[in-house]
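**Q** The structure that follows is given in the form of structure tokens.
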Amino acid sequence: VNLSSTTILEALSAVGIEAELCETTSLEHLDDVLAAPDVETVIVAGGDGSVRQVVKRLRGRNAKLLILPMGTANNLAGSLGIRLPPLELIAMLRERVLRPLDVGVVRCGDFEDIFMEGAGVGLFAQTMHGYGEDNGKSVLKALTAVIGTITAPPVLDAKLFIDDEQLQTELSMLEVLNTPAIGPRLNLVASADPSDGWLEVMT
């Protein structure tokens, strides 16, 4: 989807929303934009990564989020039923329905971060690490990363505490999912719902 900021602002104005455009150029710039305590509604025109960075900065605040899916995979928007083109979504804003949005948290020692789609270790995580995004996205990079992981698959000795149960086992992959699909629209657990208050575990 390739829309100009002017087109988006005009569409918002047509449904009675006067928005302030903030085209962020860095994470530090995003910090500054969202630092104002009176921010009530944020419209994210982007993909899953953009949504995550905004949510990360809005945690603990009573703010509303509107997603205009303009990324590559748009897993989070899709799992919330947001599948229409951005301008059609904006035209429906007069009839919008608010939904809660779950946020997963990963902690390891002093390290803490959030996830919107999923977090894990093993096959998929190793493949994504090998893929990276420093030099853009491509099918060749993806195939190279997959082959590199398959030829030396990880074996993890894991102890899991899920709800009130404890499980110790060897596994090659563990994913904790907030959305049905992660990464390049890889559908793993159809029942995952980012607004039901639960996370799904896949091994």
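The values are calculated or read from the model by the stated rules, or taken from the named source; none is laboratory data. Here the structure is a predicted model, which is why all the values come from computation and not from measurement. Every residue, glycine as well, gets a Cβ built from its backbone with ideal geometry; the counts of neighbours run over all protein chains shown. Side chains are part of the model used for accessible areas, which takes the heavy atoms of the whole protein and leaves out ligands, DNA and RNA. Shrake-Rupley method; radii C 1.70, N 1.55, O 1.52, S 1.80 Å.
**Q** With a 1.4 Å probe and all protein chains left in place, how much accessible area per residue does the chain have, in Å²?
**A** The answer is 63 Å² per residue.
**Q** With a 1.4 Å probe and every protein chain kept in, tell me what percent of the accessible surface of the chain is carbon plus sulfur.
**A** About 53 percent, which is the carbon plus sulfur part of the accessible surface.
**Q** Pop out the Kirkwood hydrodynamic radius of the chain from its pairwise C-alpha distances, inverse of mean 1/r, in Å to one decimal. It would help to have the intermediate numbers written out before the result.
**A** Details: mean 1/r = 0.0530 Å⁻¹.
Hydrodynamic radius (Kirkwood, Cα only) of the chain equals 18.9 Å.
**Q** Put a dot 7 Å past each Cα toward the Cβ at T72 and T169; how far apart are the dots in nm?
**A** 3.1 nm
**Q** Given R₀ = 35 Å, what would the calculated FRET efficiency be for D32 paired with M202, taking r from the Cβ atoms and rounding to 0.05?
**A** Details: r = 38 Å, r/R0 = 1.08.
With a Förster radius of 35 Å, E is 0.40.
**Q** Once label points are set 7 Å from the Cα along Cα→Cβ at both F161 and L98, what is their separation, rounded to one decimal in nm?
**A** 3.4 nm
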